[in-house]
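Single-structure report; data block below.
The values are calculated or read from the model by the stated rules, or taken from the named source; none is laboratory data. What you are looking at is a predicted structure, and each value in this text was computed from that prediction instead of being measured. Every residue, glycine among them, receives a Cβ derived from its backbone with ideal geometry; neighbour counts consider all protein chains shown.
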Amino acid sequence: MEDPARAAGDRPVRSRSGADGTRAIALVGPFQSGKSTLFEEILVHAGAIARAGSVDAGTSVADASPQARAHRMSVEANVATVRYLGEEFAFIDCPGSVEFLQETRGVLPAVDAAVVVCEADERKVPQLQLILRELEEARIPHFLFLNKIDKADKHLQEALAILQPASSVPLLMRQIPIWRDGIVVGFVDLALERAFVYREHAPSEIVPLDGEELPRERDARFSMLEKLADHDDALMEQLLEDIEPPRDLVFDDLARELRQGEVCPVLIGSALRGNGVTRLLKALRHEAPGVAETRARLGVGSAAPVAYVMKTLHTGHGGKLSLARVLAGEIAEGAPLIGGQGVADRVGGVMAVQGASVEKRGPARTGDVVGLARLEHAASGDLVSTRPAGAAGPPLPEPVMALAISARERKDDVKLGLALTKLAEEDPSLIVRHDAEKGEVLLSGQGEMHLRVALERLAERFGVPAVTRPPRVGYRETIRRPTVQRGRHKKQSGGHGQFGDVLLDVKPQERGEGFRFVDAITGGAVPRQYISSVEEGVKEALRQGPLGFPVVDLTVTLADGSYHTVDSSDQAFRAAARLAIAEALPNCTPVLLEPIDDVTVMVPGEATARVNAILSARRAQILGFEPREGWSGWDTVRALVPQAEIGDLIVELRSASAGVGCFTRRFDHMAELAGRQAETVVAATRAA
Ligand SMILES: Nc1nc2c(ncn2[C@@H]2O[C@H](COP(=O)(O)OP(=O)(O)O)[C@@H](O)[C@H]2O)c(=O)[nH]1
Ligand SMILES: [Mg+2]
């Protein structure tokens, strides 16, 4: 019978699959598919908690942070270690939202396997594809857990047909549902050849496999075996000769093909009712690889103790905590560990992490997922070891949204800077940059919710309330017509006077030429030593033109001038130059320039037409679209888009693309902006 034997006691952990130590399993999948609910239910099944909390009611072990509770979604990875039938498993509930994908990416390299929680819902297939791709690329063995079977309205075949395009390896049906009056009341396990009837929040009950279930089971089992046989010649022969393959061979194939990424087995269940959870745990126990395979995948040896840092967290009084998977050896308090920066820190304490609770524990052993306190020089993605080990972390995504941020109260400026540094360290997909020209601190990240949660953490965890506004756009201005302008600076006040006099020839230049200063003085009309002051004065005046922006793409020639032997000075010539420019520019038909980026949007093909419309409405010039290389069903759209229109582009792109669209951008050129749009920009700058 399916009973979570909790009586295993504390004997050394050695799994039936031969895995040593705790296995680490990530729960991943599209947003709202039920990962956190499943996490909770797993804790119940393994006896770690008495009854499941509810993500809906805000009583779960998962999603315990104020931000996760407030938004009713996972915004950070949560770990809990359980013992099931004598073996230890660390489950890591990962956020599903694309905006928090980096958190999931940080965790994945060091897990032994992943359970992809999903629903048979077309709208979530793009998100599913995204996560399956991550797993396939990182070669992480993964199961699909088709959740919410309690409200299934499709036959399993139909559900699989919807899901299959998201996976580049065959989905392998391991179970089929048993239906009564349009409701799924249980399942048949095709490998075990047993039928089970669900019981709420309890292991299912075995029932005889007979009646109408039997022929369905035969068919489904045969098609499962056929898929397995694609990678096993012996099995293929047995099938062709109508020999019933031994059960052990089937289980061996299931485990091997999962590990080699040749198939993706599909289990079904309902996290909310605790159905199918026992079978999932048993499948993991029998078939998920252990830490040795994960080491091999990462190319990490076992000669020295080594751990991989999944994420770092700055806790209030506990200081910095690194959530780490021990890949080899034992790690105890006081052990000197070298992180990615090559600097050793002594482990300030080994902590058991169970949801939001963090408690000191004994040394961590191979396979464990623990908190390591005060590794000041270790970052997410680092391998930490007694020997230099480097990093194994994922690449960083380009930011898609930015906000200009400042402390609500000036006195908190320094505190804000420190807190931002810590936040960006915890979450490397948050980027903090100081823009000196515009005098702004920019916080960029993966979307609106990502940035909002960062702001909430600033206030709640670091005690720095911040205010934000859209970042300034780097407008410039230039001139369309040449002019010649004299500038005279003359002051006669008592003793020493001031005198400078210049004649400037101002001419527009090609786009992108910048600023050029030409000295055309002959015969000493302006003495040599003052020429550079004239140039400085010109530059000062060009910092802000008549429209309110830096002036570019022009040549200013110092054509003539005059001086006074006593009263002339650097200062006087600078002032004269400033005067000349300030008077000249309004007569040169000034024109606004706006920055244009070359943007590449990546979306599933269904969204391409809508993306074109979105870009066009944002004054973009579409350059073309084509299939995205290596991504079946996706397109890339390239366009030249004004920076002013990119601010919240991601929000619209995501809503047009089932949440998965993204883009990259780089500055391309400055373009003239005239008419109403330009007037609005100028008026807004004057008002500010
Ligand atoms: N009907 C049904 N609802 C479920 C099931 N699992 C989760 N849910 C609901 O789906 C929603 C999202 O669940 P959650 O666990 O937060 O999803 P996550 O975003 O994947 O972590 C919540 O309202 C859950 O109550 C299930 O098996 N059946
Ligand atoms: Mg969740």
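Annotations
- Criterion applied to Arg457, Arg452, Arg433 was being of a type in the set (Lys, Arg), surrounded by fewer than 21 Cβ atoms within 10 Å (Cβ to Cβ) and not in a strand (DSSP E or B), and the one residue passing it is Arg452.
- Pairs linking a residue in region 63-85 that is closer than 13 Å to Lys35 by Cα to a residue that is more than 11 Å from ligand 1 (Cβ to nearest atom) and among the polar types (S, T, N, Q), with Cβ atoms under 6 Å and 6 or more positions apart or on different chains, are Val75/Gln67.
- At least 2 residues being farther than 30 Å from Pro394 by Cβ and more than 15 Å from ligand 1 (Cβ to nearest atom) is the threshold, and among the strands (runs of 3 or more DSSP E) wholly inside region 140-214 those reaching it are 175-180, 183-189, 194-199, 202-207.
- Residues being assigned to a loop (DSSP other than H, G, I, E, B) and modelled with pLDDT of 90 or more - total across region 72-87: 3
Here's the yes/no breakdown for (1) in the same structural domain as Arg139 (by TED's automatic domain parsing); (2) in a strand (DSSP E or B); (3) more than 12 Å from ligand 1 (Cβ to nearest atom); (4) at pLDDT 95 or above:
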| site | (1), (2), (3), (4) |
| --- | --- |
| Gly58 | yes, no, no, no |
| Ala70 | yes, no, yes, no |
| Phe89 | yes, yes, yes, yes |
| Pro95 | yes, no, no, no |
| Phe100 | yes, no, no, no |
| Leu108 | yes, no, yes, yes |
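- If only residues of region 111-130 that are within 16 Å of ligand 2 (Cβ to nearest atom) and touching a His at 6+ places or on another chain (Cβ under 9 Å) are counted, the one that is nearest to Leu281 (Cα to Cα) is Val115.
- Listing of strands (runs of 3 or more DSSP E) fully contained in region 364-427 that carry 2 or more residues being at pLDDT 95 or above and within 30 Å of Leu649 (Cα to Cα): 401-407
- Test: Ser632 is modelled with pLDDT of 95 or more and closer than 29 Å to His450 by Cβ: no
- One residue from Thr294, Thr278 being on the phi < 0 side of the Ramachandran plot, assigned to a helix (DSSP H, G or I) and within 16 Å of ligand 1 (Cβ to nearest atom): Thr278
- Checking each residue in region 63-96 for being within 11 Å of ligand 2 (Cβ to nearest atom), surrounded by fewer than 24 Cβ atoms within 10 Å (Cβ to Cβ) and closer than 27 Å to Pro289 by Cα picks out Glu76, Ala77.
- Enumeration of residues in region 528-565 that are part of a loop (DSSP other than H, G, I, E, B) and either of a type in the set (Lys, Arg) or in the same structural domain as Glu437 (by TED's automatic domain parsing) (or both): Arg543
- Annotation: Asp668 fulfils all but one of (1) under 30 Å from Arg481 (Cα atoms); (2) surrounded by 17 or more Cβ atoms within 10 Å (Cβ to Cβ); the unmet one is (2).
- Qualifying residue in region 579-586 (condition: among the aliphatic types (A, V, I, L, M) and touching a Pro at 6+ places or on another chain (Cβ under 9 Å)): yes
- Candidates Arg666, Arg628, filtered to the one that is free of Cβ contacts under 8 Å to residues at least 40 places away in the same chain and basic (Lys, Arg): Arg628
- For first residues located in region 29-43 and within 6 Å of ligand 1 (Cβ to nearest atom), partners that are hydroxyl-bearing (Ser, Thr, Tyr) and lie 6+ apart or on another chain with Cβ distances below 6 Å form the pairs Phe31/Ser97; Ser36/Ser74.
- Exactly one residue out of Arg259, Arg285, Arg279 is over 30 Å from Lys151 (Cβ atoms) and touching a residue at least 24 places away in the same chain (Cβ under 8 Å), and it is Arg259.
- All positions within region 477-503 that are more than 52 Å from the chain's Cα centre (by Cα) and aliphatic (A, V, I, L, M): Val484, Val502, Leu503
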